[in-house]
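Since the structure comes first, as structure tokens, the remarks are kept for the end.
Since every read-out is calculated from the coordinates, none of them should be taken as a lab result. Please read all numbers here as calculations on a predicted model, not as lab measurements. All Cβ positions, glycine included, derive from the backbone under ideal geometry; neighbour counts span all protein chains shown.
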Amino acid sequence: MGNNRSLAWSSAANPLQEEIKQVFDRFFGDTETDASSVVTSQWVPRVDIKEEPERFLILADLPGVDPNAIEVHMDKGILSIKGERRTEARTENERYSRVERAHGVFYRRFALPESANPEGISATGRNGVLEIAIPKRPETTPRRITVQ
């Protein structure tokens, strides 16, 4: 067999290809594109969601994204993360043999469980990872009410 190497196209260079990929990924169940991403996203950052005894933790891989340019919003039980990884300036005479890093706008949404306390959410960006800590509400213990 010969060397059959295909070049990956960047979403900035071919937005139609990226849109077609998103449609196929949603239809055939790609784990990269789920209900938490939005059609207007040009790429989808990978996330881990961890539950600890006192909080939920969302870790999003966002290398190359300025933490000060990331928007985190909480509204009606939905946590939203929005930002952009800017495309590097390229000159016309540059030649690439492979382009794999996604650039452009991203947007993710997560429905939080009832046990999440939206008042104490904090977010920090460090080493290309966005960490969002969502505290849990104190558990209420059921109690018996005496009927008189």
Next on the checklist: Take the conditions under 21 Å from Arg46 (Cβ atoms), touching a Ser or Thr at 6+ places or on another chain (Cβ under 9 Å), charged (D, E, K, R) and loosely packed, with under 15 Cβ neighbours inside 10 Å and apply them to Arg101. Does it pass?
Outcome noted: yes
Next on the checklist: Give all pairs with beta carbons closer than 6 Å in which a residue from the stretch 89-113 that is of a type in the set (Val, Ile, Thr) meets a residue that is surrounded by 15 or more Cβ atoms within 10 Å (Cβ to Cβ); count only pairs at least 6 apart in sequence or on separate chains.
Outcome noted: Val99/Ser10; Val105/Gln42; Val105/Glu84
Item to check | Cross-chain or 6+ apart pairs with Cβ under 6 Å, the stretch 52-67 first and under 19 Å from Ile121 (Cα atoms), then of a type in the set (Lys, Arg) and in a loop (DSSP other than H, G, I, E, B) | outcome: Asp61/Arg46
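For every residue, the table says whether it meets (1) over 11 Å from the mean Cα position of the chain (by Cα); (2) in a strand (DSSP E or B); (3) closer than 18 Å to Ile134 by Cα.
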position: Pro53; (1), (2), (3): yes, no, yes
position: Pro63; (1), (2), (3): yes, no, no
position: Ile81; (1), (2), (3): no, yes, yes
position: Glu88; (1), (2), (3): yes, no, no
position: Arg95; (1), (2), (3): yes, no, no
position: Arg108; (1), (2), (3): no, yes, yes
Checklist entry - Which of the residues that make up the stretch 117-147 are in contact (Cβ under 8 Å) with a residue 60 or more places away in the chain and farther than 22 Å from Pro67 by Cβ? => result Lys136
Checklist outcome for this item: Given the conditions (1) of a type in the set (Val, Ile, Thr); (2) farther than 20 Å from Glu52 by Cβ; (3) touching a helix residue (DSSP H, G or I) at 6+ places or on another chain (Cβ under 8 Å), every one holds for Thr87 apart from (3)
Next on the checklist: I need the full set of residues from the stretch 90-131 which are of a type in the set (Gly, Ala, Ser) and within 23 Å of Lys50 (Cβ to Cβ), in order please.
Outcome noted: Ala111, Ser115, Ala116, Gly120, Ser122, Ala123, Gly125, Gly128
